[in-house]
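Since every read-out is calculated from the coordinates, none of them should be taken as a lab result. Everything numeric in this text was worked out from a predicted model, so none of it was measured. Positions of Cβ are generated from backbone atoms using ideal geometry, with glycine treated the same way; all protein chains shown enter the neighbour counts.
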Amino acid sequence: MDYIEALQDMSVEEIGAVIEVIQKSSDSYFYIMDLSTDTYMVTNKMLERFPLESTVIQNATPALQKIIYHSDYPKVTEDIRKCASGEQVVHSMEYRWLDKDGRTVWIDCRGTVIRGTDGHKFLVGRVTELGKEAKADNITGLRKEVRFQYDAEEILRDRPESIHYMMRIGIDNFKEINEKEGIEAGDTVLRELADCIVATVDQRVDVYRLMADEFMIVDTVPGSNTDVRAVYDEIKNKVAETVRRKEYSCFYTISAGVIKDGFEGTGAEEILRLTEFALNEAKRNGRNQMALFNREAYNDYLKRLDIRKLMRRDINRNFRGFQVFFQPIVSTPEYKLVGAEALLRWNCEKYGSVSPAVFIPILEESGLIIPVGRYVLWQAAATCKKWREIQPDFHVNVNLSYVQMHKSDLIEDVERCIEEVGIPAGSLVLELTESGYIETDNRIKELFKDLKAKDIDLALDDFGTGYSNMRYLKEIEATTVKIDRSFVVQALKNDHDYNIISHIIEMVHSLGFSVCMEGIEEEEELAKMMRTKPDMIQGYYFGKPSPAEQFEERFLKGEIFKNPV
Ligand code: C2E
Ligand code: MG
Ligand code: MG
């Protein structure tokens, strides 16, 4: 039978009816394209999935432009042009379409050119979604992430109430296994873990392998074990048993992130994001454990992302919203102003004034502390220069983050700042938070030496909060130790801590450093803590951090500190 002739004798409706019949027995979508008249005929099933208006499309080009991913469009039209011009008789391409929700879908489109008796050319073929085809992962035998997305989308849309839980499991040290033991060992571990998971859950429960070393369990099976902790523990025990049985040839542990409710109204992408967050929480908490998705923590995380975005925007708008405040530092026992600590503030329309305890870590994580740190340094130095005209021995303290020390050329910045602004190096004090890195990082020790050689004073900040270690003082060649407010608060409350502070101050003095006590708020606090003989005091009692103009009015031109004791 001459198919082409038969096609010529059929009406468009009849051809449509034929492809509709074939369509019933396939996951692919069938189409016929009349290359001579730019008419496109598709099945109803295709209309359900992709944004096409009817099964017969008279003006095919603009319709295709709407569903073909924009950057793939030129190469697709070029291929179809070749079919129309007779340069080729087969169309076979993998490219992207957009579904009704505007999401990209990888497809495999194949067609054969058929010439009709009246000279019309048809392209007859089918479109297959690649994601639906890629059903199984060769290593674990499980279905892959694309398949999870299809299935999850359907379950979340049609019967979200049937989901008991979704559990995302990750190997804690997979990268290390691949690097140290080789890819083969990595594949074996994946296979073992897949087996442990499958052996634990009800056999009707869906298990997928996501990218890299992660797995997803989707339990919608009535009567299955919905105690997620028990499920996780069992998988974990099976893994430990496997590791033992194989004589520790490859040691690994697993973490899991679980979501148990709130499925209504979500989609597969969202579930991937939420379970990834929960899994990361489990890893952050120390790995080898399970974390339940916590909406509050997630919202907090989203807020921090938002703050980061807003700060980045403000930095690019010439540091709009950022401001440097100054808090007085007073000498004892005469209570004379010796300088100020520069403290960064950030305000935005959406969140108002955000605490440095919140925004400083975000600046550090994102590296944005580097440009912002420069901004603070320059502002502080310029202000210091101005105030030294009123009080020639005035000092300004600037906080430094370890990120600035690690990831920027701090010495160069400080030198350039001193030179550009025109202040003596000795009027600047850099504050560094004490923490373990000082001990271990030789580069930082070198940096301190260089700063010291340039006559820049260093203060060890937050003393008493973390690794309080007298050795640092020598190592960083600090001149001052700043005792943190939390430590002072403890000392005000109990004799034990009071005695510790007293002894620390004695010891610091005997080593030749001076002490600045932070966080004195009340007169009685001052009276009590003065007995421990600090050299300087910084606290609300003498003044809260304030904008430069206010500081100048109040502390440099106005008020003289009186001995309140
Ligand atoms: P820090 O360097 O230890 O600064 C002292 C903090 O204690 C300041 O908080 C100050 O306002 C507060 N404080 C001072 N006296 C009192 C008091 O009597 N009572 C109470 N309740 N608090 C007092 P602030 O300004 O919120 O800054 C918090 C931290 O943020 C700073 O602690 C510092 O680690 C960081 N930070 C602030 N500005 C910068 C900056 O420009 N760069 C970097 N890297 N960190 C900064
Ligand atoms: Mg400080
Ligand atoms: Mg401090």
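Computed values, structure above
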read-out	value
Pair-distance profile P(r), taking every C-alpha pair of segment 227-340, with 5 angstrom steps and integer %	2, 9, 11, 13, 11, 9, 8, 8, 7, 6, 6, 5, 3, 1, 0
Sites R443 and K336, calculated FRET efficiency, Cβ-Cβ separation with R0 30 Å, nearest 0.05	0.20
Ratio of Rg to Rh over segment 149-245 (Cα coordinates, Kirkwood Rh, two decimals)	1.01
FRET efficiency, 1/(1 + (r/R0)^6) with R0 41 Å, evaluated for N294 and K533 via beta carbons	0.30
Rounded to 5, the percent of DSSP beta bridges in the chain classed as antiparallel	70
Calculated FRET efficiency for the pair Y351/N138, C-beta based, R₀ 60 Å, to 0.05	0.80
Within straight-line cross-link reach of K449, lysines at Cα separation under 28 Å, skipping those fewer than 8 residues along the same chain	K385, K407, K474, K482
Principal axes of segment 339-395: Cα extent on each, largest first, Å	39, 22, 16
Segment 273-382: mean projected area of Cα convex hull, nm²	10.0
Difference of contour (0.36 nm per residue) and Cα-Cα distance, S25 to S54	8.3 nm
Calculated log₁₀ intensity ratio I(q)/I(0) where the Debye formula runs over C-alpha points of segment 178-221, q = 0.26, 0.28 Å⁻¹	-0.91, -0.99
Bins of 10 Å, starting at 0 and running to the largest distance - Cα pair percent for segment 102-216	12, 31, 26, 16, 9, 5, 1
Selection from Q490, N178, S71 lying farthest towards where the dipole of the chain points positive, charges on Cβ	Q490
Sequence of Y29, Y540, Y208, Y248 once ranked by neighbouring C-beta atoms within 10 Å, starting from the fewest	Y248, Y540, Y29, Y208
Fewest-first sequence of M166, M41 by Cβ atoms within 10 Å of each Cβ	M41, M166
E524 paired with A17, simple spin-label distance in nm, labels 7 Å along Cα-to-beta-carbon	9.8
Between 0 and 90°, nearest 10: helix 145-158 axis offset from the chain longest Cα axis	80
Inter-probe distance in nm under a simple model that places probes 7 Å from Cα toward Cβ, at R103 and L47	2.3
Packing rank of 447-455, 350-358, 175-183, where each peptide gets the mean count of other beta carbons within 10 Å, highest leading	447-455, 175-183, 350-358
Karplus (6.51, -1.76, 1.60) ³J(HN,Hα), θ = phi - 60°, over segment 527-534, in Hz, Gly and Pro reported as x	4, 5, 6, 4, 5, 7, 6, x
Karplus (6.51, -1.76, 1.60) ³J(HN,Hα), θ = phi - 60°, over segment 65-73, in Hz, Gly and Pro reported as x	4, 6, 9, 8, 3, 3, 7, 8, 4
Long-range amide H partners of E341 with built H, under 5 Å	Q327, I329, N397
Inverse of mean 1/r across different Cα pairs in segment 432-559, Kirkwood, Å	15.7
Segment 141-281, relative contact order [Cα under 8 Å, separation at least 6], %	40
Mean Cα-pair separation over length for the chain, i.e. relative contact order, pairs under 8 Å, 6 or more apart, %	8
0 to 90° range, to nearest 10: angle between helix 369-388 axis and the chain longest Cα axis	30
Karplus-derived HN-Hα couplings along segment 35-41 (A = 6.51, B = -1.76, C = 1.60, θ = phi - 60°), whole Hz, x at Gly and Pro	6, 7, 10, 6, 10, 10, 10
Segment 52-189, relative contact order in percent, only Cα pairs under 8 angstrom and at least six apart counted	12
Where only alpha carbons of the chain are counted, the Rg and the Dmax (Å)	34.4, 113
Alpha carbon convex hull of segment 204-263, projected area averaged over orientations, nm²	5.1
Per residue Cα convex hull volume in Å³ - calculated over segment 367-465	97
Ranked list, fewest to most other Cβ atoms within 10 Å of each Cβ, for I271, I307	I307, I271
Placed amide H near D137: partners under 5 Å, 5+ positions off or other chain	L142, R143, K144
Spacing of the two label points (7 Å from each Cα toward its C-beta) at N225 and E419, in nm	6.9
